[in-house]
Amino acid sequence: MAESLIIDSGSKEDKYRTLLPQIAAVTQHEPDPIANMANVAAMIHSTFRFWWTGFYRVSNDGATLVLGPFQGPLACTRIPKGRGVCGTAWLEQSTQVVGNVELFPGHIACSSSSKSEIVVPVKAGDRIVAVLDIDSEHLDTFDDTDRAWLEQIAELIAPAIS
Ligand code: SME
């Protein structure tokens, strides 16, 4: 089954269009948030072969982001509110698209290979429960197409990961 979920041809738009209903199908009947985040990270990562794809979850005390399920190399475990791209997406409750991470004030370099990044908040009602963080080893990987589709994915999976 895992192999059939990898979409290896077509435009970025085509890939997202195929991926969205697959993510819905995989997560809709599973109540465990960790299992769902793990599969969503794997599906996005294997479709686009990004450098790093994963979730940071808001800690129970609401103080930090804590590393959640991901695909890719080792990553930092805790990110304070307002720090780096992830902490900024959390604080500002808005998607951050960063074409060159070296130009982002306070960027947290988990890996020197990461060159561009997108971070999308996942909201349950008006509460941020997690952020979806994707890193690329190329500059300017993410654009409005990624933003629009990843925001749709975040909205779709919010009930399944909170
Ligand atoms: N670069 C992120 C930290 C997380 S890693 O990229 C996996 C940031 O600045 O928030």
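The values are calculated or read from the model by the stated rules, or taken from the named source; none is laboratory data. Treat the numbers as computed from the prediction; the structure is a model and nothing was measured. Glycine gets a Cβ as well: all are built from the backbone with ideal geometry, and neighbour counts include every protein chain shown. All accessible areas refer to the heavy atoms of the entire protein, side chains included, with ligands and DNA or RNA removed. Shrake-Rupley method; radii C 1.70, N 1.55, O 1.52, S 1.80 Å.
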**Message:** Among the residues that make up segment 121-144, is at least one of them assigned to a helix (DSSP H, G or I) and within 15 Å of Tyr16 (Cα to Cα)?
**Reply:** yes
**Request:** Could you please give the count of residues in segment 134-157 that are charged (D, E, K, R), away from the ligand (no atom under 15 Å from the Cβ) and open to solvent by 30 Å² or more (accessible area, probe 1.4 Å)?
**Result:** 6
**Complete:** Residue hits (segment 32-70; closer than 17 Å to Ile118 by Cα and β-branched (Val, Ile, Thr)) are Val40, Ile44, Thr47, Thr53
**Message:** With the requirement that a residue be touching a Leu at 6+ places or on another chain (Cβ under 6 Å) and either among the basic types (Lys, Arg) or within 12 Å of the ligand (Cβ to nearest atom) (or both), what does segment 94-133 give you?
**Reply:** Lys115, Ser116
**Asked** Could you say whether any residue in segment 75-93 is away from the ligand (no atom under 11 Å from the Cβ), open to solvent by 50 Å² or more (accessible area, probe 1.4 Å) and under 14 Å from Thr53 (Cα atoms)?
**Response** no
**Item:** Qualifying residues in segment 21-50 (those that are assigned to a loop (DSSP other than H, G, I, E, B) and surrounded by fewer than 21 Cβ atoms within 10 Å (Cβ to Cβ)) - the one nearest to the ligand (Cβ to nearest atom)
**Value:** Arg49
**Asked** If you take just the strands (runs of 3 or more DSSP E) that sit entirely in segment 56-111, which of them hold at least 2 residues that are under 17 Å from His138 (Cα atoms)?
**Response** 96-98
**Request:** Search segment 148-162 for residues that are acidic (Asp, Glu) and pair each with any residue that is open to solvent by 70 Å² or more (accessible area, probe 1.4 Å) when their beta-carbon atoms are under 6 Å apart and the residues are at least 6 apart or on different chains.
**Result:** none
**Item:** Sole exception among (1) among the small types (Gly, Ala, Ser); (2) free of Cβ contacts under 8 Å to residues at least 12 places away in the same chain; (3) in contact with a His (Cβ under 7 Å, 6 or more places away or on another chain) for Gly84, by number
**Value:** (2)
